[in-house]
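The structure follows.
The values are calculated or read from the model by the stated rules, or taken from the named source; none is laboratory data. Please read these numbers as outputs of a predicted model, since none were measured by experiment. Neighbour counts are summed over all protein chains in view; Cβ atoms, including those assigned to glycine, are modelled from backbone coordinates with ideal geometry.
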């Protein structure tokens, strides 16, 4: 690695630091906001009424309630399922496979494929929510084009399979990022390796596992971290699409937090949920990084 | 490309500078859809006072925006808010005391006493009501005919409602929602009012808060009562035991519009809903229907009590919206003048009748536009026999707990578990001594 | 051991079918949007239009909606540019200097991104009011703030892939640090900067909550809020307006993507290297 022993770096350290000051100020403000959230999580601050003006310190009450009261743990589970299937299996897995296939195939309409998955990524969340609602509802496209002609009863998919629809819509939305990242990473790998890995036959999976994946290890690890962090805090698409329902079926942590803080008005408890989210993902990140280090060693 | 972007930037900065309000302007925040009431009033006010009105029209979730504005000390001079917030806003000191203005405002005498009470906290008037509403069961007449249910339908108890919905389900399997009954958190207050309260109020007598969420005499919230359990079992019957309703309509991206289109398209048999729906359904569905055609299509009946001994024969509850002045406003006198312009009698009466909303003052009831509306006048018996929510400070939390409780039932939890959670939530929020248990 | 292999005919055929399925799967939710936007009798269901109109688009591209479009563009463009500049100046020392625990620091900062916006909206609102920033400027600043931690992390990864020899050479020739950055480092980092800029642009373009709560006038509302004008709580849902508005709302992000496409592709290779 580069070290400060270089003369030019030593000389440049000061102007570098000065140029970084504006960003540092922003980050400090962000940390201040995070600190406010931590402080609030130990109080009973509310949005309205008496406790909005004179909150009192309640120690770890809010955190104890995370465990003892219904709701939070269920949302942790929902969020974990949602993140695992939509981000790790879906976005990362499909993104990687798609990148390999696209690199090795000679499909003529490649840029069309790219446009298709990019559209999902670039469509604003609210727009995506409306599209998926129209797509999955009982007079939506899946029913009208696929199920009804095949003689099935029309199914209200958001009614019966809400979590599945939400997971699929997030795969639809987020795969582009992983695809682009892996696709760019594959540019550094020779074409033969990719094609060989993709050949059918008994060896393909073996080769994929032993040849290609080790080459991409660093990118896969980094990307897993990225998508886990983003997906764990994912909010607007689900909120617009189902609002957490039916029942609590799709109530991920960010929605649970929003409801506690703004519908019930318990800012203190909501802050505790937010901090818990950070701790969970922080723990996951350390786990990922450890895994990665052990394997490369 | 660069030039295009630059010109866009300059244009945006210019508009940004133009629209930021100068300090002397009078500011107001109101929901979209109220332009008909507001804009002529602004014009008149500007002509009369020479001041400029700067309005912010909010297309959704105005409740959240107003609350954050008030809490953050950045509210406009005049605000529009859901009347149930009055006590909470007043407790936090967000709303100006309007006594000084109403005392010398002749129109104040026209307002109904019950609505004045909702907006008056500890003797101080905090907001002026705009309109109110009542609640009932709407039903689709064609679906009823097909199910062989006699009209006019007058259910005497909850079993009559279930029986009718069962008949609809049996005779017409295409109807996904034989009984639409607001549930869950996405509908917000609608779940509490159009759903939970309507059942709760009819589930027991009024003694000691037995059919309410709060015992006002004892100064306690009700954490558990036979009426609460009966209401939750109503939900359980509708959504779990008898499966009289689908679930998706309560959670779509556009919960209101989708519900209305479902009713207009014959996908709902009976629905617990508000008086505004006689108009809103058709506006939402984009269908022009004359009053006669609407009457041909749909009819309403009072929501019955559960049929037990103490319970009232029917239930009903009213809400509404208020206009108020923020305590933080530095030009309250001007703000009041703007409010007087908004409530100018003739214009107000015509607007409120056009909205299909029950007016809140006697003179508007006498206005020709209102009197000519047979539907609005038919609501009068309900308006005379109504009640309001338990809007003691903290109510919005209680309401959110109620919505969560209905969610629990939908998720398949037992009544015992659901009530236990509801009670725990109340005790966490208010302390055990402020929560009452009715055996 | 490894020979160059040409895929068999059946294999390339099956690949093509697979890719075609991907395209259909990804674009089919779009069909409702497109069909409804040109349907004069637009509704919420899946209906193939029997006649064609562009009226909805004309409505969207005029008056209030046009103003909201420009507002969105201004917010997203400014915030993305500010993010890219600030992140570049912060990421560079992180890449070049030997700061202890720098990766741990950067990843911890990225965790701030987990905090839901709703968790910090109250202090953001209060500081915004105190600083007189409850306006478009404040929205731009807070969006920049939200994007910065990740942007710095990604850009630092990218800078790591650029060898520092050129910078040393430039220093030997007597250039100041800022000259070196402007003439050597940043031009070489175009691709990484493009990725950062683009991510910040799309985030800001998408944002609903901060502009909704912070802006003091509906004249300054961006498209994310304007979209809701299509269905008031008590009014009619205008599906033609909603869908054409959605298409117009999506277009700029796609347009910008293809404008930056070449840079972005290489940029992605750089931001995702380090763990």
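For region A:168-188, check the following and say yes or no: at least one residue is at pLDDT 75 or above, away from chain C (no Cβ under 11 Å) and within 30 Å of residue A:125 (Cβ to Cβ).
If we filter region A:168-188 for residues that are at pLDDT 75 or above, which is where we start, we get A:168-187.
From what is left, the residues that are away from chain C (no Cβ under 11 Å) are A:170, A:174.
From the residues that got through so far, the ones that are within 30 Å of residue A:125 (Cβ to Cβ) too are A:170, A:174.
So far as region A:168-188 goes, yes, one or more of its residues are at pLDDT 75 or above, away from chain C (no Cβ under 11 Å) and within 30 Å of residue A:125 (Cβ to Cβ).
For residue B:180, indicate whether it is in the same structural domain as residue B:400 (by TED's automatic domain parsing), closer than 16 Å to residue B:272 by Cβ and modelled with pLDDT of 95 or more. Even if it seems obvious, please write down each step before you answer.
Details: in the same structural domain as residue B:400 (by TED's automatic domain parsing): yes; closer than 16 Å to residue B:272 by Cβ: yes; modelled with pLDDT of 95 or more: yes.
So residue B:180 fits the description; yes.
Conditions: (1) under 21 Å from the mean Cα position of the chain (by Cα); (2) not assigned by TED's automatic domain parsing to the domain that holds residue B:209. Residue B:326 meets all but one. Number of the miss?
Unmet for residue B:326, out of (1) under 21 Å from the mean Cα position of the chain (by Cα); (2) not assigned by TED's automatic domain parsing to the domain that holds residue B:209: (1).
Every residue in region B:291-319 that is surrounded by fewer than 17 Cβ atoms within 10 Å (Cβ to Cβ) and farther than 19 Å from residue B:227 by Cα, please. Break it down into steps so the answer makes sense when it comes.
Pass one, region B:291-319, residues surrounded by fewer than 17 Cβ atoms within 10 Å (Cβ to Cβ): B:291-296, B:307-310, B:313.
Once the filter is applied, which keeps residues that are surrounded by fewer than 17 Cβ atoms within 10 Å (Cβ to Cβ) and farther than 19 Å from residue B:227 by Cα, region B:291-319 yields B:291, B:292, B:293, B:294, B:295, B:296.
So if I check each of B:116, B:146, which one is touching a strand residue (DSSP E or B) at 6+ places or on another chain (Cβ under 8 Å), in a helix (DSSP H, G or I) and more than 14 Å from every other protein chain (Cβ to nearest Cβ)?
Values: B:146 fails: touching a strand residue (DSSP E or B) at 6+ places or on another chain (Cβ under 8 Å).
Residue meeting the stated conditions: B:116.
Inside region A:96-105, can you point out the residues that are outside any loop (DSSP other than H, G, I, E, B) and within 11 Å of chain C (Cβ to nearest Cβ)?
Step one: filter region A:96-105 for residues outside any loop (DSSP other than H, G, I, E, B), giving A:96-104.
Hits for region A:96-105 are A:97, A:98, A:99, A:100, A:101, A:102, A:104.
Residues that are out of contact with any helix residue (DSSP H, G or I) (no Cβ under 9 Å at 6 or more places or on another chain) and at pLDDT below 90: list the helices (runs of 4 or more DSSP H) wholly contained in region B:314-411 that include at least 3 such residues.
Working: elements: B:332-342, B:345-354, B:362-366, B:368-371, B:374-378, B:380-384, B:395-410.
In region B:314-411, B:380-384 are the helices (runs of 4 or more DSSP H) which contain 3 or more residues that are out of contact with any helix residue (DSSP H, G or I) (no Cβ under 9 Å at 6 or more places or on another chain) and at pLDDT below 90.
Within 19 Å of the chain's Cα centre (by Cα) and under 30 Å from residue B:253 (Cβ atoms): which single residue out of B:178, B:182 fits that description?
Values: B:178 fails: within 19 Å of the chain's Cα centre (by Cα).
So the residue among B:178, B:182 that is within 19 Å of the chain's Cα centre (by Cα) and under 30 Å from residue B:253 (Cβ atoms) is B:182.
Let me ask something else about it. In this structure, does residue C:143 turn out to be crowded, with 24+ Cβ neighbours inside 10 Å, more than 8 Å from every other protein chain (Cβ to nearest Cβ) and within 27 Å of residue A:268 (Cβ to Cβ)? It would help to see each step written out before you state the result.
Numbers: crowded, with 24+ Cβ neighbours inside 10 Å: yes; more than 8 Å from every other protein chain (Cβ to nearest Cβ): yes; within 27 Å of residue A:268 (Cβ to Cβ): yes.
So residue C:143 fits the description; yes.
While we're on this one: Please go through region B:416-431 and pick out each residue that is exposed (fewer than 14 other Cβ atoms within 10 Å of the Cβ) and away from chain A (no Cβ under 11 Å).
Result: B:416, single match.
Within region C:102-134, track down each residue that is in contact (Cβ under 8 Å) with a residue 12 or more places away in the chain, assigned to a helix (DSSP H, G or I) and within 30 Å of residue B:76 (Cβ to Cβ).
Of everything in region C:102-134, those that are in contact (Cβ under 8 Å) with a residue 12 or more places away in the chain, assigned to a helix (DSSP H, G or I) and within 30 Å of residue B:76 (Cβ to Cβ) turn out to be C:117, C:118, C:121, C:124, C:125, C:128.
Tally time: how many residues in region B:89-107 are at pLDDT 90 or above and in contact with a helix residue (DSSP H, G or I) (Cβ under 6 Å, 6 or more places away or on another chain)?
So the count comes out to 5.
Considering region B:396-415 alone, what residues qualify as being touching a strand residue (DSSP E or B) at 6+ places or on another chain (Cβ under 9 Å) and more than 8 Å from every other protein chain (Cβ to nearest Cβ)?
The one that is touching a strand residue (DSSP E or B) at 6+ places or on another chain (Cβ under 9 Å) and more than 8 Å from every other protein chain (Cβ to nearest Cβ): B:398.
Using the structure shown, decide if residue B:53 is more than 25 Å from residue C:122 (Cβ to Cβ) and touching a strand residue (DSSP E or B) at 6+ places or on another chain (Cβ under 7 Å). Show your work before the answer.
Numbers: more than 25 Å from residue C:122 (Cβ to Cβ): yes; touching a strand residue (DSSP E or B) at 6+ places or on another chain (Cβ under 7 Å): yes.
Against the criterion (more than 25 Å from residue C:122 (Cβ to Cβ) and touching a strand residue (DSSP E or B) at 6+ places or on another chain (Cβ under 7 Å)), residue B:53 qualifies.
Before we move on, is residue A:127 over 27 Å from the mean Cα position of the chain (by Cα) and at the interface with another protein chain (Cβ under 7 Å from one of its Cβ atoms)?
On the way: over 27 Å from the mean Cα position of the chain (by Cα): no; at the interface with another protein chain (Cβ under 7 Å from one of its Cβ atoms): yes.
Against the criterion (over 27 Å from the mean Cα position of the chain (by Cα) and at the interface with another protein chain (Cβ under 7 Å from one of its Cβ atoms)), residue A:127 does not qualify.
Give, as residue ranges, the helices (runs of 4 or more DSSP H) completely inside region C:146-225 that count at least 3 residues that are within 24 Å of residue A:240 (Cα to Cα) and facing chain A (nearest Cβ under 8 Å). Steps first, answer last, please.
Numbers: elements: C:165-172, C:177-180, C:190-206, C:209-214.
Answer list for region C:146-225: C:190-206.
Next up: Just one of the numbered conditions (1) more than 21 Å from residue B:384 (Cα to Cα); (2) within 14 Å of chain C (Cβ to nearest Cβ) is not true of residue B:131; which one?
Condition (1) is where residue B:131 drops out.
Checking residue B:267 against (1) more than 14 Å from chain A (Cβ to nearest Cβ); (2) out of contact with any helix residue (DSSP H, G or I) (no Cβ under 6 Å at 6 or more places or on another chain), which single condition isn't satisfied?
Result: residue B:267 fails condition (1) only.
Follow-up. Just a yes or no: is a residue in region B:291-309 assigned to a helix (DSSP H, G or I) and modelled with pLDDT under 90? It would help to see each step written out before you state the result.
Taking region B:291-309 as the starting set, the residues that turn out to be assigned to a helix (DSSP H, G or I) are B:291-297.
The next check asks that each one be modelled with pLDDT under 90; those that pass are B:291.
Looking through region B:291-309, at least one residue is assigned to a helix (DSSP H, G or I) and modelled with pLDDT under 90.
Here are some residues: C:39, C:98. Which one is out of contact with any strand residue (DSSP E or B) (no Cβ under 6 Å at 6 or more places or on another chain) and within 14 Å of chain B (Cβ to nearest Cβ)?
Details: C:98 fails: within 14 Å of chain B (Cβ to nearest Cβ).
Just one listed residue meets the conditions, C:39.
Scan region A:60-75 and give yes if some residue there is closer than 30 Å to residue C:167 by Cβ, free of Cβ contacts under 8 Å to residues at least 60 places away in the same chain and either facing another protein chain (nearest Cβ under 9 Å) or buried (at least 19 other Cβ atoms within 10 Å of the Cβ) (or both), otherwise no. Quick ask: steps written out before the conclusion?
Of all residues in region A:60-75, those closer than 30 Å to residue C:167 by Cβ come to none.
No, the conditions are met nowhere in region A:60-75.
Turning to a different aspect of this structure: Is there a residue being over 25 Å from residue B:389 (Cβ atoms) and either crowded, with 18+ Cβ neighbours inside 10 Å or touching a strand residue (DSSP E or B) at 6+ places or on another chain (Cβ under 6 Å) (or both) anywhere in region B:82-98? Step through it out loud before you land on a result.
Step one: filter region B:82-98 for residues over 25 Å from residue B:389 (Cβ atoms), giving none.
No, every residue in region B:82-98 fails to be over 25 Å from residue B:389 (Cβ atoms) and either crowded, with 18+ Cβ neighbours inside 10 Å or touching a strand residue (DSSP E or B) at 6+ places or on another chain (Cβ under 6 Å) (or both).
Limited to region C:36-58, what total is found for residues that are crowded, with 17+ Cβ neighbours inside 10 Å, part of a helix (DSSP H, G or I) and more than 25 Å from the chain's Cα centre (by Cα)?
So the first thing to find is which residues in region C:36-58 are crowded, with 17+ Cβ neighbours inside 10 Å, and the list is C:36-39, C:42-46, C:56-57.
Checking the rest, the ones that are also part of a helix (DSSP H, G or I) come to C:36-37, C:56-57.
Cutting the leftovers down to more than 25 Å from the chain's Cα centre (by Cα) gives us C:36, C:56.
Looking only at that region, the number is 2.
I need the full set of residues from region C:49-83 which are free of Cβ contacts under 8 Å to residues at least 24 places away in the same chain, in contact with a helix residue (DSSP H, G or I) (Cβ under 6 Å, 6 or more places away or on another chain) and over 19 Å from residue A:127 (Cα atoms), in order please.
C:49
Return the residues of region B:40-76 that are in contact (Cβ under 8 Å) with a residue 40 or more places away in the chain, facing another protein chain (nearest Cβ under 9 Å) and buried (at least 19 other Cβ atoms within 10 Å of the Cβ); say none if nothing qualifies.
Hits for region B:40-76 are B:69, B:70, B:76.
Can you tell me which of B:262, B:299 is under 23 Å from the mean Cα position of the chain (by Cα), within 14 Å of chain A (Cβ to nearest Cβ) and in contact (Cβ under 8 Å) with a residue 60 or more places away in the chain?
Numbers: B:299 fails: within 14 Å of chain A (Cβ to nearest Cβ).
Criteria check complete, one pass: B:262.
A follow-up question, please. Report whether or not residue A:226 is under 30 Å from residue B:71 (Cα atoms), at pLDDT below 90 and part of a helix (DSSP H, G or I). Walk me through how you get there before you give the answer.
Details: under 30 Å from residue B:71 (Cα atoms): no; at pLDDT below 90: yes; part of a helix (DSSP H, G or I): yes.
No; evaluated as a whole, the condition is false for this residue.
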